[in-house]
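These notes concern the structure reproduced below.
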Amino acid sequence: MKAQGVDQVTDAEFGAAVLGERDRPVLVEFTADWCGPCRQLAPVLSAVAAEEADRLKVVRIDADTNPDTVTRYGVLSLPALIVFKDGEPVRQMLGARPKRRLLQELAEHLAPATA
């Protein structure tokens, strides 16, 4: 299940799409089609991406087809969520979670709201 409003990135695009983002933090979901908890997380990520679009960029990367990025960040379990700020990982979370909990965990990393 694809998360609506969440861009898919590849190893080749990761640098520009994630590490190069300077306006807002990026939440990266490491996922796979066979991963049940990843499917549970898809609607949560869609909602967060829509609600926090000004303060957070949300992308997903398929762990099976993008081994370089998976290896670089030591991802061993799915879904893995990593928050990147100014090109650096600042928070890592494992497993599916409800939207409220995810937003609480992300709160300190969100970009300031624009008026």
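The values are calculated or read from the model by the stated rules, or taken from the named source; none is laboratory data. Everything numeric here is computed off the predicted structure, so don't read it as measured data. Here the Cβ positions follow ideal geometry from the backbone for every residue, glycine too, while neighbour counts run over all protein chains shown. Surface areas here come from the heavy atoms of the whole protein model, side chains and all, with no ligands, DNA or RNA. Shrake-Rupley method; radii C 1.70, N 1.55, O 1.52, S 1.80 Å.
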ask   = Restricting to the stretch 1-50, what's the tally of residues that are crowded, with 21+ Cβ neighbours inside 10 Å and small (Gly, Ala, Ser)?
value = 1
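So which residues in the stretch 20-56 are of a type in the set (A, V, I, L, M) and out of contact with any Phe, Trp or Tyr (no Cβ under 7 Å at 6 or more places or on another chain), if there are any at all? Spell out the reasoning first.
Taking the stretch 20-56 and keeping what is of a type in the set (A, V, I, L, M), we get 26-28, 32, 41-42, 44-45, 47-50, 53, 56.
Matches in the stretch 20-56: Leu27, Ala32, Leu41, Ala42, Val44, Leu45, Ala47, Val48, Ala49, Ala50, Ala53, Leu56.
Tell me the residue from Leu27, Leu81, Leu76 that is without any contact (Cβ under 8 Å) to a residue 12 or more places away in the chain and not in a helix (DSSP H, G or I), please.
Values: Leu27 fails: without any contact (Cβ under 8 Å) to a residue 12 or more places away in the chain; Leu81 fails: without any contact (Cβ under 8 Å) to a residue 12 or more places away in the chain.
Going through Leu27, Leu81, Leu76 in turn, just one is without any contact (Cβ under 8 Å) to a residue 12 or more places away in the chain and not in a helix (DSSP H, G or I): Leu76.
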key: Flag if Thr71 is over 18 Å from Ala3 (Cβ atoms), open to solvent by 20 Å² or more (accessible area, probe 1.4 Å) and either in a helix (DSSP H, G or I) or polar (S, T, N, Q) (or both)   = yes
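Condition first: among the aliphatic types (A, V, I, L, M) and within 18 Å of Arg91 (Cα to Cα). Now tell me which residues in the stretch 18-43 satisfy that. Give the derivation first.
Here is the first cut: in the stretch 18-43, the residues among the aliphatic types (A, V, I, L, M) are 18-19, 26-28, 32, 41-42.
If the condition is that a residue be among the aliphatic types (A, V, I, L, M) and within 18 Å of Arg91 (Cα to Cα), then Val18, Leu19, Val26, Leu27, Val28, Leu41 are the ones that fit.
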ask   = Which one is farthest from Asp54 (Cα to Cα), of the residues in the stretch 77-96 that are out of contact with any helix residue (DSSP H, G or I) (no Cβ under 7 Å at 6 or more places or on another chain) and open to solvent by less than 20 Å² (accessible area, probe 1.4 Å)?
value = Ala80
